[in-house]
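Quick note: the coordinates plus some simple rules give every number you see, no bench work behind them. Here the structure is a predicted model, which means the values were calculated and not measured. Every residue, glycine among them, receives a Cβ derived from its backbone with ideal geometry; neighbour counts consider all protein chains shown.
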């Protein structure tokens, strides 16, 4: 069976073979299978590997190792940050601010808190996907305890000005949480220089394994978080449960590689993205969703007017692409991100996301351009 060319890296990235090599010893019976909480040598080997990985993740974002809390993924990290702040600080206030273009892991968490009596403000964004700081400042209130805004949008790739947003939030004495799932390996991240209190990460968006993520918690801010689970005392009792050594080792290796190869990856993927856009933009009535000037290199969201995406995707059987977030694929309803940009239903239903990665080649891009142009022209001629 000939597999299609993979252009859906924003949904998940393939496991880097160097990451796999780092993980394998902790999946064998040789040494690394022990419970990292055990005091014997097998436990100590696993515990040391976990701390090495913690250092690797911390170094990649310029944090302290003690500021990294392991989770099962970014969804749990987002829940721990948002609910953890909300429950621990509700005596100060019950108002939370986010935007209309967040990932469902944030939006659904806020929706649940709204059912529990918290007030949630959903900020609009401009047509290019960026948040207007004036809008944020007007939304901040004395009872605002948390602002949660993603750095890189997973559907259109726009990058919010986290430094400017964080300064506004700090001035209001609220906490600032950033969903940075799409940031690692695409942007330089230095939390030591950013006014950020909490930041969520995932391994499988950075060529690491699925099922593991992390939450950065700024130690200088003396942040009060309420744990969501009860159990052992792992991860400062914020995330109890036996740690998955092999997955954590994989995340550490993935973040270390991402830091080492950031410049090369960005330069190469930016070139491929420009080549892809130049190729498909030769078609009539093709529109870019978002703004190239404020996008990461790996995401390109395009509307093909007069061709519905649900018809186009089957015609692109040689390409693995999507209409947006993998968490919403197969579910009825239009993209809330594209709706927030003010796009018409017609263009929203005609939009496709292409996301490139470390292993995407120039030949694959050229092949994709040919397939896309051919399919769009044929469907429009029907």
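Taking label positions 7 Å along the Cα-Cβ direction at both residue 128 and residue 378, the computed distance is 3.8 nm, reported to one decimal. Pull up the DSSP beta bridges for segment 156-289 and report the antiparallel fraction as a percent, rounded to 5. Antiparallel bridges make up about 55 percent of those DSSP assigns within segment 156-289.
Nearest 0.05, what FRET efficiency do residue 219 and residue 274 give at R0 = 51 Å with Cβ-Cβ as r? If you can, show how the numbers build up before the last one.
Working: r = 41 Å, r/R0 = 0.80.
It comes out at approximately 0.80.
Just subtract the alpha-carbon distance of residue 242 and residue 38 from 0.36 nm times their residue separation and send over the number in nm, one decimal.
Values: separation 204, 0.36 × 204 = 73.44 nm, distance 1.02 nm.
Gain on extension, residue 242 to residue 38, equals 72.4 nm.
Taking other Cβ atoms within 10 Å as a rough exposure proxy, 115, 378 sort from fewest to most as 115, 378. Computed over segment 209-266, the alpha-carbon pair-distance distribution with 10 angstrom bins reads 19, 37, 32, 11, 1, each value a whole percent. Highest average first, the peptides 181-187, 239-245 ordered by how many other beta carbon atoms sit within 10 Å of their residues are 181-187, 239-245.
Out of the DSSP beta bridges found with both residues in the chain, what percent are antiparallel (nearest 5)?
Working: 20 of 38 bridges.
Here the share of antiparallel DSSP bridges comes out near 55 percent.
Semi-axis lengths, largest first, of the ellipsoid equivalent to the chain are 35, 28, 17 Å, with √(5λ) applied to each eigenvalue of the Cα gyration tensor.
Would you mind putting 69-81, 362-374 in packing order, based on average other-beta-carbon counts within 10 Å, highest first?
Values: 69-81: 24.1, 362-374: 16.3.
With the highest mean Cβ count within 10 Å placed first, the list reads 69-81, 362-374.
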